[in-house]
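Working notes for the structure below.
The values are calculated or read from the model by the stated rules, or taken from the named source; none is laboratory data. The structure displayed is predicted, hence computed values, not measured ones. All Cβ positions, even for glycine, are placed from backbone atoms using ideal geometry, and neighbour counts span all protein chains on display. Areas reflect the complete protein model, heavy atoms only, side chains present, ligands, DNA and RNA absent. Shrake-Rupley method; radii C 1.70, N 1.55, O 1.52, S 1.80 Å.
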Amino acid sequence: MTIQEQLSQLPSVDECLKSAYGEKWLSSYARKTVLRAIREVIESKRKEILSGANADVTIDAISRDIETAIKKHSAYKLRPIINATGIVIHTNLGRSILSDKAIEHITTTARSFSNLEYEISTGKRGKRYSNIKDIIRELTGAEDAVVVNNNAAAVLICLDTFAKGKEVIVSRGELVEIGGSFRIPEVMKASGAILREVGTTNKTHLADYENALCGNTALLLKVHQSNYKVIGFTEEVPIEKLLKIGREYKIPVVDDLGSGCMINLEKYGVHGEPTVQEVVKTGADIVTFSGDKLLGGPQAGIIIGKEKLIQKIQKNPLLRAMRIDKMTLASLEATFMQYLDEEKAMKEIPTLRMMTEPVEIIKKRAKKIFTSLKDIAGKAEIAVVPDESQAGGGSLPEINFPTFAVSIKPSGISVNELEKRLRLGDPPVIARIKGNALLIDARTIQDKEIKSLAGCVTSAFNN
Ligand SMILES: *Cc1c(COP(=O)(O)O)cnc(C)c1O
């Protein structure tokens, strides 16, 4: 066939649309998407023909390409991936997976009108925060609570409410950066508060704070070091001592806890991580923490503490710009409610479960994954190996949790190629490379994902 003859075989957009295929596509996909896919495929076929390829370009022949293009263009960009990194709170991978209860509460709330800002008992306008306040108070022991979009916003609104144009004293050992976009000195600048750094990187004494106090001091801020640890010759001032001078000079003390752990994790080998309840008990004026780190809920910033101060935050007009939406509120409420039964919370909140799962159970899962990979036995050396995983999300940086992983040493392709193929697969599998092996950490794999994971690994070896 000549090029001209081939080109004349190429259907028009209209012919494609009016064909039986077109009718089928239009019934399930957006017209815009179908049109875009048809145009793309016709154009690429035209180029193929012009470049001399002898292509079959009848509608029957190109319908599969069109369908693939339609599917590609109508797929969501935000999609599930399999986290084989072993990092439980992975900020890039969406931090905490929500519990079933949290997801259920989101769907029921989103499907109907709700009393988001409506007081059913009086029939009057209510406050967005009142539905969640009581459960947070009950669990933490705090006088009052308000929630915003994330912990960065929580810190920002505290600074804006109490310290605009005034000084905030922070230890040099606590001027942290969390994931690049949140740095205490920069948040301080953005809020209009003046950072008054005291002490040194490794040691800050009570006297450093006392000496920095002046008529313009508005807050004493304590920041959890979160993602790093200063070890060796160190000293930090405990919240109790800060509170003492805070009381003496009538200056509120804010403790940015970062992760906000609600359950004592000592028996899981996590030492020195203060619980929210312990910090509230010290009498801290304001405590802030994240919703999606160790708490295991949605992205949110929880601000708890003295009623008078929380009420002042609620009057700050900036709160409106950080206000939490109803779906987040629903999942946060459900997550907090789960903490009423600690034992169940440990099992039902995925972040807590993954963090504290006994290593024998992780090993069992690793063996299951291993067994599911028998199809690639001839193409790689596979083994279940002990390793270590991390909490992530700027939590518990110094703790490595013993884990089990499936190690895959490919023989036909490089380990980097295998990593790439898995990452580009569907669903993408994100794993880590150690030496010449790819490690699939069983800690962060959900049982229901094993089959799909095996499919991904198998097809990575077959393509
Ligand atoms: C994580 C963290 C933040 C920021 O919290 P987001 O919820 O991610 O906004 C602030 N302070 C500390 C100490 C943290 O660990």
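List of remarks:
- The set of residues from the range 63-94 being within 16 Å of the ligand (Cβ to nearest atom) and either part of a helix (DSSP H, G or I) or out of contact with any strand residue (DSSP E or B) (no Cβ under 8 Å at 6 or more places or on another chain) (or both) comprises THR91, ASN92, LEU93, GLY94.
- In the range 145-170, residue farthest from the ligand (Cβ to nearest atom) [restricted to those that are open to solvent by 10 Å² or more (accessible area, probe 1.4 Å) and over 27 Å from the mean Cα position of the chain (by Cα)]: GLY165
- Extreme residue, surrounded by the fewest Cβ atoms within 10 Å (Cβ to Cβ), among residues of the range 390-443 that are over 21 Å from ARG365 (Cβ atoms) and in contact with a Ser or Thr (Cβ under 7 Å, 6 or more places away or on another chain): GLY394
- Residue check for VAL146: closer than 16 Å to ALA300 by Cα and outside any strand (DSSP E or B): no
- Test: residue in the range 171-186 that is farther than 20 Å from MET322 by Cβ, part of a loop (DSSP other than H, G, I, E, B) and open to solvent by 50 Å² or more (accessible area, probe 1.4 Å): no
Here is a yes/no grid of residues against (1) of a type in the set (Gly, Ala, Ser); (2) open to solvent by 20 Å² or more (accessible area, probe 1.4 Å); (3) within 20 Å of the chain's Cα centre (by Cα):
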| site | (1), (2), (3) |
| --- | --- |
| GLY232 | yes, yes, no |
| ASP255 | no, no, no |
| GLU266 | no, yes, no |
| HIS271 | no, yes, no |
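- Residue count, the range 54-84 (criterion: under 27 Å from the mean Cα position of the chain (by Cα) and hydrophobic (A, V, I, L, M, F, W, C)): 5
- Complete set of residues in the range 368-406 that are more than 16 Å from the ligand (Cβ to nearest atom), acidic (Asp, Glu) and within 17 Å of THR356 (Cα to Cα): ASP387, GLU388
- Residue among LEU159, LEU139, LEU116 that alone is in a loop (DSSP other than H, G, I, E, B) and not polar (S, T, N, Q): LEU116
- Complete set of residues in the range 197-211 that are buried (at least 20 other Cβ atoms within 10 Å of the Cβ) and touching a Ser or Thr at 6+ places or on another chain (Cβ under 7 Å): VAL198, GLY199, THR204
- Per-region count, the range 284-333, residues open to solvent by 10 Å² or more (accessible area, probe 1.4 Å), within 15 Å of the ligand (Cβ to nearest atom) and either hydrophobic (A, V, I, L, M, F, W, C) or without any contact (Cβ under 8 Å) to a residue 24 or more places away in the chain (or both): 2
Let's see how each residue does on (1) within 16 Å of the ligand (Cβ to nearest atom); (2) of a type outside the set (D, E, K, R):
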position	(1), (2)
LEU219	yes, yes
GLU236	yes, no
GLU248	no, no
VAL253	yes, yes
GLN277	no, yes
